[in-house]
Structures are given as C-alpha cells and as structure tokens.
Amino acid sequence: MPLAVVEGYRMRRAWSIQIAPGLRRTAGRGSFTGPMSYDHPLQVGADAIDDLDHVNNVVFLQWIQDAAAAHWTALTTPEQRDRVAWVVIRHEVDYLRQGFVGDRLVASTWVGEVSAATCERFTRIRRPADGADLVRARSVWCAYDPGKARPRRIDDALLAIFRSPGVSTPPTDGA
C-alpha cells in the first residue's frame with residue numbers, strides 16, 4: 001500500500017471527517033446532515049513554489065491529503081488507526097487562484113456521501129487574508145483493513161467516530 005509522508009513521518013492512512021453530535025445519515029448510507037468542517041492551517045514555504053512562482057498543483061493535492069490525515073488523527077486513537085486505514089480512489093480538483101510564498105492558508109475538509117465502503121470528502125483551501133478560495137476538491141476514500149489487506153465496510157462503529165463534536169463551523173458558501 002502506498003504511504004504518504006506527512007510532516008516528516010510516514011502514514012498509512014490519510015482520511016478523516018468530523019460531524020457534530022446527534023447528526024444522522026440520510027436514507028441508506030447517504031450523506032450526513034449538517035456536516036462540520038475541520039480546519040487545517042497551512043503556511044506556504046519556498047519548497048511549495050514551482051517555476052511559475054506560485055504553489056505547485058501537486059503541493060495543493062498533498063495538502064488536501066494532509067488535512068484529511070490531520071483530521072483522522074485528531075479524531076482517533078492509535079489503536080483505531082491501526083484497525084482502519086483510508087486510501088484514495090479518486091480526486092477531482094479545481095484550481096481557482098494562485099498561492100504564493102508567505103501566504104497563510106486554511107484547508108477546510110468535511111464529509112459528503114457515505115456508501116458501504118467509501119466516503120466522499122470535500123476540501124477547500126482558502127486564504128483568510130483576502131477570503132479567496134484557491135482550491136476546491138472532491139475526493140473519494142475507501143475504508144481499508146490493513147490486517148486483511150482489503151477494503152472494509154463502513155459500519156456503525158466506524159460511523160460513530162465521525163460523530164465527534166465539531167471543532168469549527170460548517171462552510172457557509174455551499175462549497
């Protein structure tokens with residue numbers, strides 16, 4: 001299984017969500033009602049800049065995964081992370097504006113549709129200084145059982161992790 005390097009250490013999982021208490025799924029697996037976002041701060045360093053003097057698109061994609069990893073880590077214990085890993089099966093990224101060295105950014109991430117083994121996750125990277133959205137992304141993550149080396153169901157116990165108290169407000173512009 002591919003590993004991602006996140007803040008100097010290797011991780012086997014890079015996915016997470018946070019939902020306010022008492023929220024429920026819609027019919028079937030469906031989507032959660034009232035998703036809460038998780039905010040992950042970012043600082044643009046010189047190593048993120050490409051030949052066009054702005055943040056490289058691949059760096060934005062890594063930050064999307066880093067925000068998910070940070071969120072999952074914030075919600076779970078090491079034992080839970082040993083039992084459940086998340087792998088990306090699809091990314092759709094809209095690059096809207098450029099980022100530059102020294103920019104302070106925030107990656108906000110939240111869950112969308114949940115199926116038997118996959119979850120849709122949205123991420124928005126914005127620059128609070130001017131309110132600009134730089135990137136909007138939709139990713140599909142598959143729950144993975146590292147012990148069995150295969151996908152696993154998103155059961156009620158796993159869904160309960162996602163019902164942890166929210167740490168920030170939901171996106172307001174319908175992103």
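Among the residues of region 115-156, the ones that are assigned to a loop (DSSP other than H, G, I, E, B), open to solvent by 70 Å² or more (accessible area, probe 1.4 Å) and acidic (Asp, Glu) come to 1 in all.
Give region 71-114 a look and list any residue that's of a type in the set (Phe, Trp, Tyr) and within 16 Å of Arg152 (Cα to Cα), or say none. Across region 71-114, the qualifying residue is only Trp86. Could you say whether any residue in region 64-84 is modelled with pLDDT of 95 or more, touching a strand residue (DSSP E or B) at 6+ places or on another chain (Cβ under 8 Å), open to solvent by 30 Å² or more (accessible area, probe 1.4 Å) and assigned to a strand (DSSP E or B)? For region 64-84, residues modelled with pLDDT of 95 or more, touching a strand residue (DSSP E or B) at 6+ places or on another chain (Cβ under 8 Å), open to solvent by 30 Å² or more (accessible area, probe 1.4 Å) and assigned to a strand (DSSP E or B): absent. From the list Ala117, Ala68, the one residue that fits, being within 30 Å of Leu159 (Cα to Cα) and touching a residue at least 60 places away in the same chain (Cβ under 8 Å), is Ala68.
For region 21-42, indicate whether the set of residues that are assigned to a loop (DSSP other than H, G, I, E, B), surrounded by fewer than 22 Cβ atoms within 10 Å (Cβ to Cβ) and either modelled with pLDDT of 95 or more or among the hydrophobic types (A, V, I, L, M, F, W, C) (or both) is non-empty. Yes, region 21-42 contains a residue that is assigned to a loop (DSSP other than H, G, I, E, B), surrounded by fewer than 22 Cβ atoms within 10 Å (Cβ to Cβ) and either modelled with pLDDT of 95 or more or among the hydrophobic types (A, V, I, L, M, F, W, C) (or both).
The values are calculated or read from the model by the stated rules, or taken from the named source; none is laboratory data. As the structure is a computational prediction, the values presented were derived from the model and not from experiment. When we count neighbours, we look across all protein chains shown, and the Cβ atoms used for this are built from the backbone with ideal geometry, even at glycine. Just the protein is used for accessible areas: all its heavy atoms, side chains included, with ligands, DNA and RNA removed. Shrake-Rupley method; radii C 1.70, N 1.55, O 1.52, S 1.80 Å.
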